[in-house]
Each structure stands twice: as C-alpha cells, then as structure tokens.
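Shown next, in structure tokens, is the structure this report addresses.
The values are calculated or read from the model by the stated rules, or taken from the named source; none is laboratory data. All values derive from a computational prediction rather than experimental measurement. All Cβ positions, glycine included, derive from the backbone under ideal geometry; neighbour counts span all protein chains shown. Heads up: the accessible areas ignore ligands, DNA and RNA and are worked out on the full protein's heavy atoms, side chains in. Shrake-Rupley method; radii C 1.70, N 1.55, O 1.52, S 1.80 Å.
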Amino acid sequence: PGCVPAKMSKAGKQRAEGTLVTQLSKWRLKNESGRQTWRYDVLGSDQSQTLFERHAVGLDTSDLAPDFPDPSTLSDVLHNGMSFYCKLQVEDGHWAGDYGGPLFLMAGLLIVCRITGIVLTEQQTAEMIRYLRNVQQTDGGWGLHTEGKSTVFGTALNYVTMRLLGVDIDDDDVIRARAFLHQKGGAVAIPSWGKFWLSVLNVYEWDGCHSLCPELWLLPTWFPVHPSKLWCHCRQVVMQPCGNCLSVLVCLLGDASILSLVIHLLVDLSIQLIYILVLSSLLWMLKSLVFDICWIVEGLPANGILLFCQTES
C-alpha cells in the first residue's frame, strides 16, 4: 500500500499495547514512474532515510532541515516556506504525498486482497491497524473521513477492515465499533457503496443492492443520460467496475470468518428485505420532492443518487 505509515498518538499507543508496531526509522519510499510505495527495510540497509521520509512518518528532521531564522517580513516567510518544501522534493523530481483522510478506501483494498489471495507483510498489517486505531472516534465508530463524525458507512467498512487484518473479535476497539454499529441498527443501514463491498465479500446479498444499470453503456453517446455524460466518479467508480461486478454477482466464497462478519454486522437478518423495500420507496419520494425539476438528476441510476444522499448513515 502507498499510504504513509501512521504516526502514533498517545491514545493509539495505549490501545496498541501488546500488538506489533514497526520502527518508523526503517520505512523507505520507493518511486517508480510516479508510483509511490512504502517498503519496510527489514534487513537494515545502509541507505539512511531522506528528509521527506522522516517528515512523512513524523520523525525528527532537525539535522537535515535546521530551523530557519525568524522571519521579519512577508518575503522572509515565503522564502522559508519555499526553501523547506524544496528540501522535501524526492529524487525523481516530484513532491510525494499520501492520500490521507478518506476512511472508505482501505476496506476495498483489503477485500480485493482477500479475494485475490494477496498477503500483506506483517509490517503493512501492523501500520494499517495502528492507523485505524488512531482515527477511531471516541464513540467507537469511524466517519466518512478522519474529521467527520461516526457513520454506519465508515464504521461497518472499517470494522470489516480490522477483522480482515486479523484483529481479534474480542479486541476492545472492535467491541466498541460493534456496539456503535448495533446501536445504529447494524450494517443494513449502510449506503449503496458499502452494500456493494459487503456483497463482494459475501456478507450481504446482491439482491439488497440497487441496480447499477451497466446496460446504459449500450445507449448511443448522443443520448442525454449516456454514462459518458455523468460525473467522473459515478462513471468510473460506480458504473464501470461496480456495474461489472454486479452483472456477474462477484462474491468471495464464504468461510467461518465471513460467517462471523455476517452475524456481527447485521443485527437482525430478517429486517434486510423490509429495509430494502422501504429504502427504495424513500429514494423515489426524495427524487420527486427535491429533484423534480432537475432532469439531469432524474436521469441518474438509483444507485448514483443513493451514493450521495445517505451522508448521515
């Protein structure tokens, strides 16, 4: 994974006690054609960390980037800032940076790894777990992003992520997440993108997902609602890969760990169908009340509307 190794907060240190943590001084960033990959230097090579690598993982950089003189003018401030960022430039000329903040991406990565049989290193696993512990909310949940309040979407996906990473079902943070999720009615209230990932993982039924209408790609390009005219995220994330998976009902073969996720994610399996029917009715009511005059939104697939309407879930 290309994410920056997590800096440990005080709370994270306490919660991670007894679990594997890595030595941040051993992480190295590899750049190949603009692709950034963090690797753990297990053997301890002679190559020391660069300024950027130290800065990215939160280590002391004072020997490589001493403090600048206190600025007295605006020009001094700008000069100091530009001088510092010049030092952060990596060897191939670009400025590296992690895609930090969103909390709904790691789950997809881990689900794909589980399906394809990709095994993460011990160090990658440890840093992912540490990162999730550090950004978990005090109520036990996770939000859409690190600054957002806890939602069913963020909590269900990151609960799944923690379990796929091997965190025990009786772990304190896992228990707190499960309690928050059950308080909200379980993962059945997750928005459509979450339903997609849970269906791929085989802990939710594809029948509970709204159609993604991949057939719309067969329309002539001049048609007003041809997918090529949709917002890029609806087109490239929802309509194509998600639509292809739904069309063949991709799902992981179940095992004991998957069954455990089903039991703990869905509070009451019998309410799934009722929820699906009610949600469908509410969706079309919302469209008729709020978007009645907006023919562009009316032309979107139901799933595209769901993806952005359920921000409170």
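Values computed for the structure shown
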item	result
Greater than 24 Å apart at Cα, pairs in 149/184; 30/87; 149/229; 30/149	149/229; 30/149
Computed accessible area, residue 73, all protein chains, 1.4 angstrom probe, square angstrom	70
For residue 175, solvent-accessible area (1.4 Å; no DNA, RNA or ligand), Å²	70
Carbon + sulfur, % of accessible area of the stretch 58-180 - ligands and nucleic acids excluded, 1.4 Å	58
Solvent exposure of the stretch 22-75 as accessible area per residue, Å², 1.4 Å probe	66
With DNA, RNA and ligands ignored, accessible area of residue 87 (1.4 Å probe; Å², nearest 10)	90
Residues of the stretch 132-265: accessible area per residue with a 1.4 Å probe, Å²	44
Mean Cβ count within 10 Å, highest first, over the residues of peptides 133-146, 185-198	185-198, 133-146
R0 of 51 Å, Cβ-Cβ distance residue 94-residue 182: FRET efficiency to nearest 0.05	0.65
